[in-house]
1. If the only charges are +1 at each Lys and Arg Cβ and -1 at each Asp and Glu Cβ, what is the size of the charge dipole of the protein assembly as shown around the Cα centre, to the nearest 20 debye?
2. Quick one: Karplus J couplings for the stretch A:423-428, per residue in order, coefficients 6.51, -1.76, 1.60, θ = phi - 60°, nearest Hz, x for Gly and Pro?
3. Helix B:42-53 versus the longest principal axis of chain B: what angle, 0 to 90°, nearest 10, using Cα atoms?
4. With a ≥ b ≥ c the root eigenvalues of the C-alpha gyration tensor of the stretch A:134-291, is it rounded (a/c under 1.5), prolate (a/b larger than b/c) or oblate?
5. R0 = 45 Å: FRET efficiency of B:K46 with A:D275, Cβ-based, nearest 0.05?
6. Which chymotrypsin sites (Phe, Trp or Tyr not before Pro) in the stretch B:12-102 pass both tests, a DSSP loop state and at most 12 other beta-carbon atoms within 10 Å?
7. Could you pull out every residue, at least 5 positions away or on a different chain, whose amide H is within less than 5 Å of the one on A:S173? Hs are placed 1.01 Å off N in the peptide plane, and Pro or chain starts have none.
8. Rounded, prolate or oblate for chain B? Axes are the square roots of the Cα gyration tensor eigenvalues, ordered a ≥ b ≥ c, and the cut-off for rounded is a/c under 1.5.
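Just so it is clear, none of the values below were taken in a lab; they were calculated from the coordinates. In this text, all values refer to a predicted model and were calculated from it rather than measured experimentally. Here Cβ is always computed from backbone atoms with ideal geometry, including for glycine, and neighbour counts include all displayed protein chains.
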Amino acid sequence: MYKYTQFDTDFVRQRNAQFRTQIERRLNGSLTEDEFKPLRLMNGLYLQLHAYMLRVAIPYGSLNGGQMRQLAMIAERWDKGYGHFTTRQNIQFNWPKLPDVADILDALGDVEMHAIQTSGNTIRNVTADHFAGAAADELEDPRAYAELIRQWSTDHPEFQFLPRKFKIALCGSPRDRAVTRAHDIGLRMVKRQGLVGFEVIVGGGLGRTPMIGKVIREFIPPAELLPYLEAIVSVWNLLGRRDNKYKARIKITVHEHGIDKIRALVEARFALLRDSFQGNDQRLLEQIKTGFAPPAFKTRPLKAFDQHYGSNRVFRDWVDTNTHPHRNEAYAIVSISLKTPGKTPGDASAEQMRVMADIGERYGHDELRVSHEQNLILPHVHKSDLGAVHKALQGAGLATANIGLISDIIACPGMDYCALATARSIPIAQERQRGEKKIKTSERKRLDLQLFSSVSTESMTFSPFDQSTTPSPSPSSTF
Amino acid sequence: MARPFIDKVVTANDLREGDVVYLTETNNWTRHLSEAEVLQDEATAKARLAAGSGDVLKIIGVYLADVTAAETGPEPRHFREEFRRTGPSNYFHGKQQRAENV
């Protein structure tokens, strides 16, 4: 994982100290709400229907056990004992009190976390494939590039007052697990003549005007990535509409002007910016990459796992549904479902956070991820530890075997919390989850096979749901 | 023809805690909708909104919300305001924890 430098630590501390005084000035009347609102939004603090909400950045969804445990502490000490993991791989606390927020931010700073640019018209938390660094089909770990983009975009002086928010996602595998075509910029890693680079997609998005992003550049080498991104954002910064917030996102700009015109403007701007980084970004990238070295993988026999898999149906169902192929065949990627039927999608209690932190530290090389599907990921678990992991998750109500199924539903907080929502979404998600329980297991397996086969033939191999029709030589070598 | 006036209350959120609050006849802020002052004409509503808006050290995001007068006090006309009155549906949090607030 990336480790803060002294510069990072000092930056976050100073920013927190600055915001502490801004909160004090708001509370004593020195700042009006109109003056304070943009300041609190830049630090991730919203006012929702029933309370303030603090959105904490989890860069590209990566965190360690210590950070997860600190989130649990914050949930218990300053909130109501739980947090909500989001589609941007962040976490939200729904009940903080304004006088406590500075202390919460300091507690985050203690574990190299913050809430900067999780709101406001800025470049938001960069998201990435939640299987990054572990996926069997990966060209290269995209997190080093995500971290480079995070550092470039944080407090970028030109991009603090954009027409609207701006979201970037990266994926390092042919199979897109970062929804790159539904982002303002999507970066899909590709290989050309032996060189890894990125296909650049622009103008995708969801919300009230869903758009599929368009390819603006088929290939950009890593050395030119930042200047090209800067060119895109600066073109949109001038061209994007500020007269109507619903028309301000870059997807509308691309739609109104056409991808050819946008491409021409970006290329012209890129020509001016191309050499402006003078290699500093590449030197930084090399430093960053050292933080993303793979863990020291364990070598252990798999016999006990194979026996447990063969004899315990509950465990087998969970393994089949909630694990994915790892680049190391003795390992698995574990998805912890935060979609327990009847519960709020994406929510975890402080106690559950601590359990996940413990499991991550003990069995997962101290790495956890938040997925954009609002689940938690243990990217590196040796298969011989899967039984212990499953048992620990069962004890915490976290062993629901439904990853990729209908009940694995993504749900925003909706009007239960959000002041911008137009309807409630949580009750609908809960109803859907309960509905899936009525589907018989055999039907569920058939349905899931159909879904997988329509998405990717690759997944068929990794989902040996029906052993009678899809024989697999050994479970330890098939997922 | 002018639309008939719909009764209103002045509502906001508490600056420090974020709780939903309502303006009372005595210029206090209550967490109980049943204790809110019901405004029955346009001029009074504007005046009370202005009065509430001046309380910048106590509240945030003040506005007028439509209500219907009932025996038990004002009732929200929009489901958004009903949600604000009762709290979220997924947890026994916020207002539900203090039933007397509902």
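1. On the way: 76 positive and 70 negative charges, 191 e Å.
Charge dipole, the protein assembly as shown, about its Cα centre: 920 debye, nearest 20.
2. 7, 7, 10, 4, x, 5
3. 40
4. Numbers: a/c = 1.68, a/b = 1.34, b/c = 1.25.
It comes out prolate by the Cα gyration axes.
5. Working: r = 60 Å, r/R0 = 1.32.
For R0 = 45 Å, the calculated efficiency reads 0.15.
6. Numbers: sites: B:Y22, B:W29, B:Y63, B:F79, B:F83, B:Y91, B:F92; in loops: B:Y91, B:F92.
Loop-located and lightly packed - B:F92.
7. Correct list: A:L139, A:M189.
8. Numbers: a/c = 1.95, a/b = 1.29, b/c = 1.50.
In terms of gyration-tensor shape, oblate.
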